[in-house]
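J.: Please see the structure below; I have some questions.
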Amino acid sequence: MTVYLEPRQSSYYWFGDEEQQVLEVLANRYAGANPPIPFAMRAFSKAGILQDANGLYDMDLSSRMPDAEDGDYGYAYGLVWSDDERSLDGLLEPFGPVRLYVNDERAYRSTAVDELKADGQAVIPLLLRKGWNTLLVEARRTQAGFGCRFGADEAKVRIMQVLAPFANRSGAAGWVYAGPFREPRFGGELAALDYTANERNSGEAWLPRTNWTSEEKAQPNFERVFGLAASGSGHTAGYGWSALAIPYGTRQIVVAGKAFGPTKIWLSGKLVVELEEAGDYTAAIVAEPGTAQLVVRSEAGRQGWGFELRAAAGGAEGEALNLKLPLPVHGHDGKWLLVGPLDASETLAPEELCTTAKLFAAAGSGQPLYWSLDAPEARVRPYYENAMLSNKWTTGTATNFGRWDYPLGVTMYGLLRMGKELGRRDLQSYALHHIRTCTEMYEYSLWDRDEYGFPSINHQLVLIRMLDNCGSFGSAMLEAHLQTGDRSFLRIADVIAEFMLTQLERREDGAFYRLCPGEYSADTMWADDLYMSAPFLIRYAEATGRTEALDEAARQFLLFKSYLFMQPERLMSHVFDFKYGKATRMPWGRGNGWCLFSLTELLEKLPAEHKDRAALLEMLRELCAGIAAVQAESGLWHQVLNRSDAYEEASCTAMFAYAFARGVRFGWLDEPERYASAAHKAWRGLASQAIDRQGNVHGVCSGSRYSYSPDYYMYDLRTVVNDNHGIGIMMLAGVEINRLKQAEQTKGSGGKDDSRNTGAIADEASSLV
């Protein structure tokens, strides 16, 4: 038996068979370890180094240093934060001679083959320490090229956000670069760069620039940020958004300044200044103490475009009041967020304007716009940084909040179901907050991807290329819709459904598979993809009435069975590799778990008269029989199901407990007592061996590739504490064990079992919207 916990450490030692208490501990630990930290808002220069569609930073210095001569040097310098000591693969595509330094140590030097091979790409192991890490790229110009592309492998999963070095740029996003130089300047034995000092100390000028010239400073603010888009009034408008700190005891303030065109000013949503033409203004305003939102609308006029504003307590000669940004924007010490040019014929109310979850329409073109800053080509840009370069599926010292990925889809589904079952609206609200943090920024993240080359948030949602990117979290999103009635989720669900039903790669018989050209996984079918597709399609059909989605889910199960079902074991092979024309015949535990878990979700919603129902029930019974036959004495199942020498794994055990409990409760299984006993035994094993008294989850295998050898699954794939593949499914298993107990108790007392269609606690959906 695999031992993960001493008995005293286990939840079973303290709570026994009280699965509701175990569920409370599980959920409370997760929510406490993953607080709702928002996206980081950072200053970012559009003139800086951007990423390409694959997430590599495009450092083509030929275009940035057009005066460089052959043999000249150029440098790019950046910072990366890592929550833990970490190793990840970097990818570098040199255009000419390149060196990469990580924390002042040379990590890579290009070879002649690297430099001249078309589309050549070097894989560089990057060893990152906990905290800040410096990256320095040195490139030398030749006739072949000047610079490189560089970033993390699997960039939309392993997010490597580069921030600006130097004290005067602290908190801003993006690389800085300098050159050209006739001789090498930095790296190796040369002068060391101090990222904590002001960049002036380096002795060189770094780009992109952060300060206005004296001529630019003399221009009105909107004019220097956006340009004078209209020479006359009434064509173009812009908005400024700031916050005003009003001291306690203050009853009146004065705002004064200069307008360069027609202007309106709102304080705390109330219009306090309105000018029909350019000029100076002063207004005395009754104000409440605290932080007040300040909004200025400025139209371009004959004298220019912009405004000046100052505020004082009491009278005009009173104590000056501080303006500040209305929300933290790291890397910028200005006072205003600015957006423009907008159509002057329309006026936005402050409540419409004061948000970072909205795009605005540009005057004339209608193209989307977002907030800018009062600095050269400076934008506000939100970043997902809650798990920067921590293990991509574990909590560690980071928080998962706000991330869209498939393991977290299971976690959100678990929290929604568990919150409903136990009457914990706080957990439902937490999961909804996580989901909405992603979905409310969906339109922005699409624009961000198109504007900057690669998204800074919602990476997998807006770069959908496979089922992993959309199905699991999309299913949790639809569960949230079904619980709350929030129809805003459906606009994203429609995009995902379109991808699955009309764009996803298929075999000639219609089966989903992974084309993945050029990758190790090219031309393969994975049992995992039944979970990545079917639960979403099931909920999409329920939410929209589009029954073809439900039919597709049923069809895929039978097609996958024709490729992956193993006789006589009655288990599913993890993968079918079409390159070899055969299945791997490796019955990976979690792969079988994904399949069986999803099959019970399908059968719950599939009409009794559906043409595929009988075949799917037979598939369920065959799989349950094969899986039950290999349950270990501890109650857990093995990582490779038919290998008793493989370690016992928790996530597949939770999935099998979930499926068995549902099969018994819905009356699908011919030997209900056998499977009910196996489900209870599995839950007891999880509570004894995998869930500790603090709610930590042990014994969950990390994310998998695939192999024809059992050794890969048994020895290369190790378990990780609090791996996100296991947390949500533990909650779901506990919910189903709880409902199975209710059904058993109801049956024993001769009452009616209503646990099939309702939770133990009624869902008061309106309170969650």
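The values are calculated or read from the model by the stated rules, or taken from the named source; none is laboratory data. Since the model is a prediction, treat every value here as computed from it, not as a measurement. Glycine gets a Cβ as well: all are built from the backbone with ideal geometry, and neighbour counts include every protein chain shown. For accessibility, only protein heavy atoms count, side chains too; no ligands or nucleic acids. Shrake-Rupley method; radii C 1.70, N 1.55, O 1.52, S 1.80 Å.
J.: Here are some residues: 707, 702, 651. Which one is open to solvent by 10 Å² or more (accessible area, probe 1.4 Å) and either modelled with pLDDT of 95 or more or out of contact with any strand residue (DSSP E or B) (no Cβ under 8 Å at 6 or more places or on another chain) (or both)?
T.: Details: 702 fails: either modelled with pLDDT of 95 or more or out of contact with any strand residue (DSSP E or B) (no Cβ under 8 Å at 6 or more places or on another chain) (or both); 651 fails: open to solvent by 10 Å² or more (accessible area, probe 1.4 Å).
Residue meeting the stated conditions: 707.
J.: So is residue 172 crowded, with 22+ Cβ neighbours inside 10 Å, of a type in the set (A, V, I, L, M) and farther than 27 Å from residue 364 by Cα or not? First the steps, then the outcome.
T.: Values: crowded, with 22+ Cβ neighbours inside 10 Å: yes; of a type in the set (A, V, I, L, M): yes; farther than 27 Å from residue 364 by Cα: yes.
Considered against the rule, which asks whether it is crowded, with 22+ Cβ neighbours inside 10 Å, of a type in the set (A, V, I, L, M) and farther than 27 Å from residue 364 by Cα, residue 172 comes out as yes.
J.: Just for the stretch 567-579: of the residues that are over 35 Å from the mean Cα position of the chain (by Cα) and in contact (Cβ under 8 Å) with a residue 40 or more places away in the chain, which one is surrounded by the fewest Cβ atoms within 10 Å (Cβ to Cβ)? It would help to see each step written out before you state the result.
T.: Start the filter on the stretch 567-579 by keeping residues that are over 35 Å from the mean Cα position of the chain (by Cα), which leaves 567-570.
From what's left, in contact (Cβ under 8 Å) with a residue 40 or more places away in the chain: 569-570.
Values: 569: 16, 570: 19.
Of everything passing the filter in the stretch 567-579, 569 is surrounded by the fewest Cβ atoms within 10 Å (Cβ to Cβ).
J.: Can you tell me which residue among 168, 103 is under 29 Å from the mean Cα position of the chain (by Cα) and among the polar types (S, T, N, Q)?
T.: Details: 168 fails: under 29 Å from the mean Cα position of the chain (by Cα).
That would be 103, the only listed residue that is under 29 Å from the mean Cα position of the chain (by Cα) and among the polar types (S, T, N, Q).
J.: Separate question: Pick from the stretch 310-324 the residues that are outside any loop (DSSP other than H, G, I, E, B) and touching a Ser or Thr at 6+ places or on another chain (Cβ under 8 Å): which of them is farthest from residue 343 (Cα to Cα)? If you could, list the steps in order and put the result at the bottom.
T.: To start, the set of residues in the stretch 310-324 that are outside any loop (DSSP other than H, G, I, E, B) comprises 310-313, 320, 323-324.
When the remaining residues are screened for being touching a Ser or Thr at 6+ places or on another chain (Cβ under 8 Å), the result is 313, 323-324.
On the way: 313: 34, 323: 27, 324: 27 Å.
Among those that are outside any loop (DSSP other than H, G, I, E, B) and touching a Ser or Thr at 6+ places or on another chain (Cβ under 8 Å), it is 313.
J.: List the number of the failed condition for residue 694; all other conditions in (1) open to solvent by 50 Å² or more (accessible area, probe 1.4 Å); (2) at pLDDT 95 or above; (3) outside any loop (DSSP other than H, G, I, E, B); (4) not hydroxyl-bearing (Ser, Thr, Tyr) hold.
T.: That leaves (3) as the condition not met.
Each row is one residue, and each column tells you yes or no for (1) of a type in the set (S, T, N, Q); (2) under 29 Å from residue 441 (Cβ atoms); (3) assigned to a helix (DSSP H, G or I).
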position	(1), (2), (3)
494	no, yes, yes
500	no, yes, yes
508	no, no, no
518	no, no, no
530	no, no, yes
535	no, yes, yes
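J.: Considering only residues that are surrounded by 12 or more Cβ atoms within 10 Å (Cβ to Cβ) and aliphatic (A, V, I, L, M), look in the stretch 191-216 and name the one that is nearest to residue 175 (Cα to Cα).
T.: Filtering the stretch 191-216 for residues that are surrounded by 12 or more Cβ atoms within 10 Å (Cβ to Cβ) and aliphatic (A, V, I, L, M), the one nearest to residue 175 (Cα to Cα) comes out as 207.
J.: Here is a follow-up. Taking the conditions exactly as written (under 26 Å from residue 652 (Cβ atoms) and open to solvent by 10 Å² or more (accessible area, probe 1.4 Å)), does residue 443 satisfy them or not?
T.: Values: under 26 Å from residue 652 (Cβ atoms): no; open to solvent by 10 Å² or more (accessible area, probe 1.4 Å): yes.
No: the conditions fail for residue 443.
J.: Let me ask something additional. Provide a single number: the residues in the stretch 217-249 that are among the polar types (S, T, N, Q), at pLDDT below 95 and open to solvent by 20 Å² or more (accessible area, probe 1.4 Å). So that I can check it myself, show each step before the final result.
T.: Keep residues of the stretch 217-249 that are among the polar types (S, T, N, Q), which gives 219, 221, 231, 233, 236, 242.
Keeping just the survivors that are at pLDDT below 95 gives 231, 233, 236.
Retained after the next criterion (residues that are open to solvent by 20 Å² or more (accessible area, probe 1.4 Å)): 231, 233.
So the count comes out to 2.
Listed here are the residues, each with its yes/no results for (1) over 23 Å from the mean Cα position of the chain (by Cα); (2) over 30 Å from residue 734 (Cβ atoms); (3) free of Cβ contacts under 8 Å to residues at least 40 places away in the same chain.
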position	(1), (2), (3)
2	yes, no, no
19	yes, no, no
35	no, no, no
40	no, yes, no
43	no, yes, no
46	no, yes, no
49	no, yes, no
53	no, yes, no
82	no, yes, no
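J.: Something else about it: Does residue 510 fit the bill of being more than 19 Å from residue 404 (Cβ to Cβ) and modelled with pLDDT under 95? Show your work before the answer.
T.: Values: more than 19 Å from residue 404 (Cβ to Cβ): yes; modelled with pLDDT under 95: no.
Taking the combined requirement at face value, the residue does not satisfy it.
J.: Please pick out the residue among 464, 492 that is within 30 Å of residue 43 (Cα to Cα), open to solvent by less than 10 Å² (accessible area, probe 1.4 Å) and not polar (S, T, N, Q). Before you say what the answer is, go through the steps one by one.
T.: On the way: 464 fails: open to solvent by less than 10 Å² (accessible area, probe 1.4 Å).
Unique residue meeting the criteria: 492.
J.: Continuing with the same structure: May I ask you to verify whether residue 334 is within 30 Å of residue 79 (Cα to Cα) and either part of a strand (DSSP E or B) or of a type in the set (Gly, Ala, Ser) (or both)? I'd like the intermediate steps shown before the answer.
T.: Numbers: within 30 Å of residue 79 (Cα to Cα): yes; either part of a strand (DSSP E or B) or of a type in the set (Gly, Ala, Ser) (or both): yes.
In short, yes.
J.: Could you list, in sequence order, all residues of the stretch 26-67 that are among the hydroxyl-bearing types (Ser, Thr, Tyr) and either in a loop (DSSP other than H, G, I, E, B) or closer than 23 Å to residue 375 by Cα (or both)? Write out each step before concluding.
T.: Start the filter on the stretch 26-67 by keeping residues that are among the hydroxyl-bearing types (Ser, Thr, Tyr), which leaves 30, 45, 57, 62-63.
Scanning the stretch 26-67 gives 45, 57, 63.
J.: Of the conditions (1) over 29 Å from the mean Cα position of the chain (by Cα); (2) among the aliphatic types (A, V, I, L, M); (3) closer than 24 Å to residue 573 by Cα; (4) part of a helix (DSSP H, G or I), residue 664 satisfies every one except a single condition; which number is it?
T.: (3)
J.: Looking at the structure I just gave you, is residue 753 modelled with pLDDT under 95 and either open to solvent by 10 Å² or more (accessible area, probe 1.4 Å) or of a type in the set (Phe, Trp, Tyr) (or both)? Outline the logic, then answer.
T.: Working: modelled with pLDDT under 95: yes; either open to solvent by 10 Å² or more (accessible area, probe 1.4 Å) or of a type in the set (Phe, Trp, Tyr) (or both): yes.
Here the answer is yes, as residue 753 does meet what is asked.
J.: Could you check how many residues of the stretch 141-179 are at pLDDT below 95 and of a type in the set (Ser, Thr, Tyr)?
T.: Residues flagged as at pLDDT below 95 and of a type in the set (Ser, Thr, Tyr) within the stretch 141-179 amount to 0.
J.: Given the conditions (1) at pLDDT 95 or above; (2) open to solvent by 10 Å² or more (accessible area, probe 1.4 Å); (3) more than 34 Å from the chain's Cα centre (by Cα), and given that residue 326 satisfies all but one, which numbered condition is not satisfied?
T.: So residue 326 meets the others, but not (3).
J.: Return the only residue of 616, 596, 558 being assigned to a helix (DSSP H, G or I), open to solvent by less than 10 Å² (accessible area, probe 1.4 Å) and farther than 25 Å from residue 684 by Cα.
T.: Working: 596 fails: farther than 25 Å from residue 684 by Cα; 558 fails: open to solvent by less than 10 Å² (accessible area, probe 1.4 Å).
Criteria check complete, one pass: 616.
J.: Keeping to the stretch 155-195, report how many residues are in a loop (DSSP other than H, G, I, E, B) and without any contact (Cβ under 8 Å) to a residue 60 or more places away in the chain.
T.: First pass over the stretch 155-195, keeping only residues in a loop (DSSP other than H, G, I, E, B): 155-161, 164-166, 170-172, 174-175, 182-185, 187-190, 192-195.
Of the ones still in play, those that are also without any contact (Cβ under 8 Å) to a residue 60 or more places away in the chain are 166, 189-190, 194.
Here the count works out to 4.
J.: Just name the residue that is surrounded by the most Cβ atoms within 10 Å (Cβ to Cβ) out of those in the stretch 350-365 that are of a type in the set (Gly, Ala, Ser) and assigned to a strand (DSSP E or B).
T.: Quick first cut of the stretch 350-365, residues of a type in the set (Gly, Ala, Ser) only: 357, 361-365.
From what is left, the residues that are assigned to a strand (DSSP E or B) are 361-362.
Details: 361: 13, 362: 18.
Out of the qualifying residues, it is 362.
J.: Go through the stretch 529-545 and give me each residue that's in contact (Cβ under 8 Å) with a residue 12 or more places away in the chain and open to solvent by 10 Å² or more (accessible area, probe 1.4 Å). Spell out the reasoning first.
T.: Filtering the stretch 529-545 for residues in contact (Cβ under 8 Å) with a residue 12 or more places away in the chain gives 529-544.
Answer for the stretch 529-545, where residues must be in contact (Cβ under 8 Å) with a residue 12 or more places away in the chain and open to solvent by 10 Å² or more (accessible area, probe 1.4 Å): 539, 541, 542, 543, 544.
J.: Restricting the search to the stretch 265-289, which residues are within 16 Å of residue 314 (Cα to Cα), part of a loop (DSSP other than H, G, I, E, B) and open to solvent by 80 Å² or more (accessible area, probe 1.4 Å)?
T.: Result: 288, single match.
J.: May I ask you to say which residue of 409, 414 is at pLDDT 95 or above, outside any loop (DSSP other than H, G, I, E, B), closer than 16 Å to residue 481 by Cβ and not charged (D, E, K, R)? Steps first, answer last, please.
T.: Numbers: 414 fails: closer than 16 Å to residue 481 by Cβ.
None of the others qualify; the one that does is 409.
J.: For the stretch 710-743, what are the residues that are closer than 15 Å to residue 662 by Cα, buried (at least 24 other Cβ atoms within 10 Å of the Cβ) and not aliphatic (A, V, I, L, M)?
T.: 734, 736
J.: Sticking with this one: Limited to the stretch 546-555, what total is found for residues that are open to solvent by less than 80 Å² (accessible area, probe 1.4 Å) and either at pLDDT below 95 or under 29 Å from the mean Cα position of the chain (by Cα) (or both)? Break it down into steps so the answer makes sense when it comes.
T.: So the first thing to find is which residues in the stretch 546-555 are open to solvent by less than 80 Å² (accessible area, probe 1.4 Å), and the list is 549-554.
Still in the running and either at pLDDT below 95 or under 29 Å from the mean Cα position of the chain (by Cα) (or both): 549-550, 552-553.
Of the residues in the stretch 546-555, 4 are open to solvent by less than 80 Å² (accessible area, probe 1.4 Å) and either at pLDDT below 95 or under 29 Å from the mean Cα position of the chain (by Cα) (or both).
J.: Criterion first (in contact with a strand residue (DSSP E or B) (Cβ under 8 Å, 6 or more places away or on another chain), modelled with pLDDT under 95 and surrounded by 15 or more Cβ atoms within 10 Å (Cβ to Cβ)) does residue 320 satisfy it?
T.: Working: in contact with a strand residue (DSSP E or B) (Cβ under 8 Å, 6 or more places away or on another chain): yes; modelled with pLDDT under 95: yes; surrounded by 15 or more Cβ atoms within 10 Å (Cβ to Cβ): no.
When the stated conditions are applied, residue 320 does not pass them.
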